[in-house]
Amino acid sequence: MSSGLQSIDARDLAISELFNDFYVVPSYQREYVWKTQQVEQLLADIYYKFTYNNTSDSSEYFIGSIVVLAGATQTYEIIDGQQRMTTLFIAFCAIRDHLKDQGQPPLIPLLNNIASHSMNPNGEQIYRYRVSLQYEDSRDILESMGTGDSDISLFPQHTRSVANIVNAYDVTRKFLEDEFGKDGPNEVLKFFAFLTNSVKLIRIKTTSIADALKLFETINDRGVRLTSMDLLKNLLFMHAMQKDFDALKDTWKDLINTLYKAKENPLRFLRYYIFASYDVPGDRLEEEDIYRWLLQNEIKVGYKSNPIGFARQLLESAHAYAYFLKGKNVDGSPNRYLDNIRYLSGAARQHLILLLAGRHLPNDAFELLTQQLENLFFAYIIAHEPTREFERTFAHWSTELRKTHSYAELETFIAESFEPAKKEKDLTARFQQAFQGLNEGSLQQYRLRYILAKLAQYVDEIAKGSNSSAKELKTYINGDVEIEHILPKNPTQIEFDKQNEYERYVHLLGNLVLLEKPLNIIAGNKTFQGKQPAYEQSDFQLAKSLYGDISMGKDNSYKRAAEHLTFFSCLTSQGLTSQDIERRQQMLGSLAEKVWKMDGPKDSGEMGVITANWP
């Protein structure tokens, strides 16, 4: 270490140790910018490690490093890593509130992670939050969240930072409900224990900004641990012929660059590649065990006898992996179902195991696989099936999928895997039940938009044909399309038969429709009758059906589309009622069963009929 860096100290600390101190994000730092995907990814990574390590007291999981500037006693300025530290603080608040809603008494270690007392230089005891934001845009949002006494969703979201922090809290609450809703508070407590005791960060402490700037020149000399990816690279070079070094170096560089451009975690890719390519007993493999698994399965993998060949296999798979993340086939051609999954998956990546395992299939068979995978993946999500089950199931299925080489063989594979899984998990009944009460709070906003887009697309494709703009989901998911509340969120006047339940009905799926932005502006907060002219002008038949029968004066394709819908009459003088919204909710649920093929296997040309009579 150079003499200029003597004041740098790096330690790996459990989260519980890390949050024994106090941290401030100085005013010159950028605001909190993490979106849903980054928050979900951090939670999903930790949850995965918890799932596979909760029986081992010695397991550790590193989630990166932070750089801090030492200040007053037990106080540090965060120079690098404020997004992660702020998210952890938000997670503690969300866990506290989740347990409170389940009737659990306050958890002292958890409360201490959020706030505690310290002494100021005058010898006075003060109560402080573990993370404080000093930039103006924060508007004291963390302090408000830390108290646990107010509804964070009502906090004025006038700045981007506040909006992102509130969203991170909502994402975390939704994550806890999805993964632990059926398990009760005990599993949440175990998750908290794992998070605080087994998850670690490397805290690099400096005493000057100059040291922080020099830090990254020497960070590899400060004991940062090698990953399985680093060890694998060394292993391949160990067994490669010297004449192959340049080729191996270039191949490995291409591999890492491909994953970097795809914004993918190399270790996750490596795990999923192994699941997709080899039989893994128990369908379980942790990131820190990848290197050990490779050593134990050298004959099966073949990296020793042909290291450059194995590296090229990884590179070929990484290219396919990156294309899948972009919604494209192995050759880079568009795939509507993979594109749809992009709008659905968020931080989830488990489906990539099956995609890698089936990438050898002919085009027509691979398209069938992606179509069926989108439907099953959505059914798992809407039924709140824990994500750990996706991974185990898909890893298990990969063994048989690798043996499948034709369209007919794939149909057999789907009949023997996907369909029994639906029955075993009772997915159809859970799917139907979920849609009965589906509302804006049931799932993330991007997944709600996905649902509304798929419903609208399905009707339009019947009416207009598969070669129309309806073929692409982006027609319905873009900045020019908005979610319209038929019963307005902020009405100028309320004429509703159940005014005391107005807030519940306004957020139900049956009260939502996608509408072009200019038309949504016209609709505004008017009554239903006042909005109908805007609905009539929509190019989306599902929105147009709110005006009247879409088949009037149209050809047979529009009549077939109309069979799936129920209609309002533009001549009615009656305002929108609770019964109307409930019936439309039921209609959309019935339509959803057809959209995601939850009403049983059907020929692609078979149309179901939805009947209902509106008042």
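The values are calculated or read from the model by the stated rules, or taken from the named source; none is laboratory data. Remember, predicted model here, so these are calculated numbers, not experimental data. All Cβ positions, even for glycine, are placed from backbone atoms using ideal geometry, and neighbour counts span all protein chains on display.
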What's the number of the condition residue 431 fails, among (1) part of a loop (DSSP other than H, G, I, E, B); (2) under 22 Å from residue 175 (Cα atoms)?
(1)
Counting just the residues of region 306-328 that are more than 30 Å from the chain's Cα centre (by Cα) and without any contact (Cβ under 8 Å) to a residue 12 or more places away in the chain, which one comes out surrounded by the fewest Cβ atoms within 10 Å (Cβ to Cβ)?
309
Filter region 438-453 for residues that are in a loop (DSSP other than H, G, I, E, B) and touching a strand residue (DSSP E or B) at 6+ places or on another chain (Cβ under 8 Å); the one that is surrounded by the fewest Cβ atoms within 10 Å (Cβ to Cβ) is 440
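Restricting to region 263-309, and then to whatever is of a type in the set (Ser, Thr, Tyr) and not in a helix (DSSP H, G or I), can you tell me which residue is farthest from residue 320 (Cα to Cα)?
We begin by selecting, within region 263-309, every residue of a type in the set (Ser, Thr, Tyr); these are 272-273, 277-278, 291, 303, 305.
Then keep just the ones that are not in a helix (DSSP H, G or I); that gives 278, 303, 305.
Working: 278: 17, 303: 20, 305: 24 Å.
The extreme case among them is 305.
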Might you check whether a residue that is at pLDDT 90 or above, of a type outside the set (Gly, Ala, Ser) and surrounded by fewer than 17 Cβ atoms within 10 Å (Cβ to Cβ) occurs anywhere in region 379-388?
no
Got at least one residue in region 525-537 being without any contact (Cβ under 8 Å) to a residue 40 or more places away in the chain and closer than 22 Å to residue 589 by Cα?
yes
Taking residue 272 as meeting all but one of (1) surrounded by fewer than 18 Cβ atoms within 10 Å (Cβ to Cβ); (2) under 26 Å from residue 333 (Cα atoms); (3) of a type outside the set (A, V, I, L, M); (4) touching a Lys or Arg at 6+ places or on another chain (Cβ under 8 Å), write down the number of the exception.
(1)
Conditions (1) closer than 15 Å to residue 367 by Cα; (2) in a helix (DSSP H, G or I); (3) not assigned by TED's automatic domain parsing to the domain that holds residue 260; number of the one not met by residue 344
(1)
Regarding region 91-107, can at least one residue be identified that is of a type in the set (Phe, Trp, Tyr), touching an Asp or Glu at 6+ places or on another chain (Cβ under 7 Å) and either assigned by TED's automatic domain parsing to the domain that holds residue 175 or closer than 23 Å to residue 65 by Cβ (or both)?
no
If we scan region 123-145, do we find a residue that is buried (at least 18 other Cβ atoms within 10 Å of the Cβ), touching a Gly at 6+ places or on another chain (Cβ under 6 Å) and of a type in the set (A, V, I, L, M)?
no
Flagged pairs (Cβ under 7 angstrom, 6 or more apart or on separate chains; first in region 6-25, closer than 10 Å to residue 201 by Cα; second assigned to a helix (DSSP H, G or I) and hydrophobic (A, V, I, L, M, F, W, C)) are 15/88; 15/195
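Given 456, 470, 463, which one is over 30 Å from the mean Cα position of the chain (by Cα) and surrounded by 17 or more Cβ atoms within 10 Å (Cβ to Cβ)?
Working: 456 fails: over 30 Å from the mean Cα position of the chain (by Cα); 470 fails: over 30 Å from the mean Cα position of the chain (by Cα).
463 is the lone residue from the list that is over 30 Å from the mean Cα position of the chain (by Cα) and surrounded by 17 or more Cβ atoms within 10 Å (Cβ to Cβ).
I need a count of the residues in region 491-522 that are more than 18 Å from residue 579 (Cβ to Cβ) and at pLDDT 90 or above.
In the first step, residues of region 491-522 are kept if they are more than 18 Å from residue 579 (Cβ to Cβ); the result is 491-493, 514-522.
Pick out the ones that are also at pLDDT 90 or above and you get 514-522.
The qualifying residues number 9.
Conditions (1) surrounded by fewer than 21 Cβ atoms within 10 Å (Cβ to Cβ); (2) hydrophobic (A, V, I, L, M, F, W, C), marked per residue:
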{"position": "170", "(1), (2)": "yes, no"}
{"position": "175", "(1), (2)": "no, yes"}
{"position": "181", "(1), (2)": "yes, no"}
{"position": "184", "(1), (2)": "yes, no"}
{"position": "188", "(1), (2)": "yes, yes"}
{"position": "195", "(1), (2)": "no, yes"}
{"position": "199", "(1), (2)": "no, yes"}
{"position": "204", "(1), (2)": "no, yes"}
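Taking the stated definitions as given, is residue 160 touching a Phe, Trp or Tyr at 6+ places or on another chain (Cβ under 9 Å), in the same structural domain as residue 23 (by TED's automatic domain parsing), of a type in the set (D, E, K, R) and modelled with pLDDT of 85 or more? Spell out the reasoning first.
On the way: touching a Phe, Trp or Tyr at 6+ places or on another chain (Cβ under 9 Å): yes; in the same structural domain as residue 23 (by TED's automatic domain parsing): yes; of a type in the set (D, E, K, R): yes; modelled with pLDDT of 85 or more: no.
Taking the combined requirement at face value, the residue does not satisfy it.
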Consider residue 282 against the criteria (1) small (Gly, Ala, Ser); (2) modelled with pLDDT under 85; (3) on the phi < 0 side of the Ramachandran plot: it satisfies all of them except one. Which criterion is unmet?
(3)
Subset of region 507-558 that is touching a Lys or Arg at 6+ places or on another chain (Cβ under 7 Å) and crowded, with 18+ Cβ neighbours inside 10 Å - its residue that is nearest to residue 450 (Cα to Cα):
510
Number of the condition not met by residue 505 [criteria: (1) outside any helix (DSSP H, G or I); (2) touching a residue at least 60 places away in the same chain (Cβ under 8 Å)]
(1)
Going residue by residue through region 223-244, is there one that turns out to be within 27 Å of residue 21 (Cα to Cα), modelled with pLDDT of 75 or more and of a type in the set (A, V, I, L, M, F, W, C)?
no
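What residue, among those in region 80-131 that are assigned to a helix (DSSP H, G or I) and aromatic (Phe, Trp, Tyr), is farthest from residue 188 (Cα to Cα)? Steps first, please.
Going through region 80-131, the residues assigned to a helix (DSSP H, G or I) turn out to be 82-101, 108-114.
Now drop any that are not aromatic (Phe, Trp, Tyr), which leaves 89, 92.
On the way: 89: 16, 92: 11 Å.
If we take residues in region 80-131 being assigned to a helix (DSSP H, G or I) and aromatic (Phe, Trp, Tyr), then 89 is farthest from residue 188 (Cα to Cα).
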Please give the number of the condition residue 157 fails out of (1) over 24 Å from the mean Cα position of the chain (by Cα); (2) assigned to a loop (DSSP other than H, G, I, E, B).
(1)
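Among the residues of region 394-414 satisfying the criterion of being touching a residue at least 60 places away in the same chain (Cβ under 8 Å) and assigned to a helix (DSSP H, G or I), which is nearest to residue 372 (Cα to Cα)?
Start the filter on region 394-414 by keeping residues that are touching a residue at least 60 places away in the same chain (Cβ under 8 Å), which leaves 394-396, 398-399, 402.
After this cut, where a residue has to be assigned to a helix (DSSP H, G or I) as well, the list is 394-396, 398-399.
Working: 394: 13, 395: 16, 396: 17, 398: 15, 399: 18 Å.
Looking at residues that are touching a residue at least 60 places away in the same chain (Cβ under 8 Å) and assigned to a helix (DSSP H, G or I), I get 394.
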